[in-house]
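The values are calculated or read from the model by the stated rules, or taken from the named source; none is laboratory data. Since the structure is predicted, the reported quantities are computational estimates derived from the model, not experimental observations. We place every Cβ from the backbone using ideal geometry, glycine too, and count neighbours over all the protein chains shown. All accessible areas refer to the heavy atoms of the entire protein, side chains included, with ligands and DNA or RNA removed. Shrake-Rupley method; radii C 1.70, N 1.55, O 1.52, S 1.80 Å.
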Amino acid sequence: MNLLKRAWLIVAIAVLPITGAFAIDRLLLAPSCPDCHAERTARLPLFDRTESASQDGLVRIRANGMTFRARVAGSDNASGDGVILLHGFPETSIMWEPLLKELGEAGYRAIAFDQRGYSPGARPQMQSEYTKGKLANDVIAIADAAGFRKFHVIGHDFGGAIAWTVADRHPDRVLSLTSLSMPHPLALAETLSTPSPQWPASSYVLFYRLPVLPELAMGFDRAALLSQWKWQKHPKNQIEEYREVFGEPGAIRAALDWYRAFDFRSLDPVGKIRPPTLFIWGEEDGAFSRAAANETANYMDGAYRLRTVNAGHNLLLEAPQIVTAEVLEHLRTARAVSERWVAALDDASEDSDSPCDQSPPKCLIIQLSPQGQTFRIRNQCNDTYKGVVRVSCSGWAPDAAVEYRFSLGAKAEMAQESTGLTNGACYFRYRLCAKAPARPKHSAATISPFLR
């Protein structure tokens, strides 16, 4: 019994500084109005893409069963391509304001939103709600709410990881990908699998994944530590917004849950990327090494360019003119680059089974519900197509997938539905999509799924 009492005493003494600091922070240093940011957000106008008036500026967007705080530019550019911008940690959509302005003036319809955990109306409590699949689904839901059938996606830092995921899992929706600072997630994992300069660069993640302690340290005195550690080079208006957001109850915990839930070598890893991709990396980046930047090229199946700049991690702050010019050029030429890439593939092989998954035939519309209950392929043209679509879900066993082998006649379609399944977040990839020899106009569609 004496040993037990001593053990409890040691534990009490050990946690006393932590509990004392928490009490001081909550009672003396906490913001006078911790819910003011949420209250102001709730008063923002609700984004409505059918509205004829301009909706540029701060708005709320309802998507994926939640409400996101967002910044919009170029809403009057009715025929412009859609662009979605994803911030990193510990930031919000305000980091994109300079680029948003340029995108709007260049004719694009651009949306930068405070992602899951950062928006007051999109802050689930469970850590399991912050997986890369669910964060990627938020992006697709935002695109749907904005009316973007296809769009360009741009991400910085952890937002870049989500951008890579979106481009991998929804290549039919992504016109182009731009990642600032963040290498391909599997390239990063590869450099961490053997001793490399990436090890010390990524050591901060170990701290982020600890329970409770990171929240106490980073949240103390309205994120004073982050002000000194992460935001030294940020403009005053950005720092004010960051401190206001991270001063909200649960905000820092939600942001850190991204790191706790994200597994680079998970059961459903990010695969090779097909949409045209621009990766901008700073030679002085303290978070991501040159090894990871160079390794990224090994995970590309489409047109790709690495642009290195003499800057650190916060590229849009440190090299704004270079980044803006590179991004605008990439978006402007993405379609032509994609077409040249597909043409080069077509010229490289005369095999009738050569893959066309770099640019799926416009005749084929492939749809998969978020949790995989419904899978449908529709052929809208007079040509006949055969192919394979590989479906994976995060709720399945490692490497489990279903491959749907199909042969679609002219104007034919096929569908498969299931009920009562809990599959997690589901997505599909084209494995083969080759034009088959012509068939009679009304030949039936066939399907034969199998586990692999």
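The listed peptides 41-50, 253-262, 178-187, 308-317, ordered by packing as a protection proxy, come out as 178-187, 253-262, 308-317, 41-50 (highest mean of other Cβ atoms within 10 Å first). Here the Debye sum runs over all C-alpha atoms of region 23-147 as equal scatterers in vacuum, and log10 of I(q)/I(0) at q = 0.13, 0.15, 0.21, 0.22 Å⁻¹ comes out as -0.55, -0.71, -1.24, -1.33.
What is the Cα convex hull volume of region 123-168 when expressed per residue in Å³?
Details: hull volume 3.7 nm³, N = 46.
It is 80 Å³ per residue.
Ranking of MET126, MET66 by solvent-accessible surface, largest first: MET126, MET66 (1.4 Å probe, protein heavy atoms only, all chains present).
On region 53-105, 44 percent of the accessible area sits on carbon and sulfur atoms, based on a 1.4 Å probe. With R₀ set to 30 Å, the beta-carbon distance separating CYS36 from ALA325 gives a calculated FRET efficiency near 0.20. Over region 92-160, the reciprocal of the mean inverse Cα-Cα separation, the Kirkwood hydrodynamic radius, stands at 13.2 Å. Just report the Cα centroid separation between region 32-111 and region 163-209, whole Å. Each part's Cα centre sits 25 Å from the other's. With viscosity set to 1.567 mPa s and temperature to 4 °C, compute the Stokes-Einstein D of region 129-195, Rh being the Kirkwood radius across alpha carbon pairs; µm²/s, no decimals. Here the translational diffusion coefficient equals 105 µm²/s. Remark on region 215-254: ratio of C-alpha radius of gyration to 2.2 N^0.38 Å is 1.05. Whole-Hz Karplus values for region 74-82 come out as x, 5, 7, 7, 4, 9, x, 4, x Hz, taken residue by residue from phi with 6.51 cos²θ - 1.76 cosθ + 1.60 and θ = phi - 60°; glycine and proline positions read x.
Just to be sure I follow: if Rg is taken over the C-alpha atoms of region 213-338 and Rh is the Kirkwood radius over the same atoms, what is Rg/Rh?
Values: Rg = 17.7 Å, Rh = 17.2 Å.
Reported Rg/Rh, Kirkwood definition of Rh: 1.03.
Only the Cβ atoms of Lys and Arg (+1) and of Asp and Glu (-1) were treated as charged; on that basis the dipole of region 149-209 about its Cα centre amounts to roughly 240 debye. Surface analysis of region 268-323 yields an accessible area of 38 Å² per residue, using protein heavy atoms and a 1.4 Å probe. Model label sites at VAL388 and ASP221, defined 7 Å from Cα along the beta-carbon direction, differ in position by 6.0 nm. Cα-based radius of gyration for region 49-90, normalised by 2.2 N^0.38 Å, reads 1.28.
Peptides 287-299, 369-381: what's the order by average Cβ count within 10 Å, highest mean first? Intermediate results must be reported in sequence, preceding the final value.
Numbers: 287-299: 19.8, 369-381: 17.2.
Ranking, from highest mean packing down: 287-299, 369-381.
With a Förster radius of 30 Å applied to the C-beta separation of THR308 and ARG335, the computed FRET efficiency comes to 0.75.
Using a 1.4 Å probe over the heavy atoms of the protein chains, calculate the carbon and sulfur portion of the accessible area of region 178-232 as a whole percent.
Numbers: 1700 of 2490 Å².
Carbon and sulfur atoms account for 68 percent of the accessible area of region 178-232.
The Cα-based radius of gyration of region 193-259, divided by its Kirkwood radius, gives an Rg/Rh of 1.03. Annotation: Cα Rg of region 104-144 relative to the compact-globule expectation 2.2 N^0.38 Å equals 1.39.
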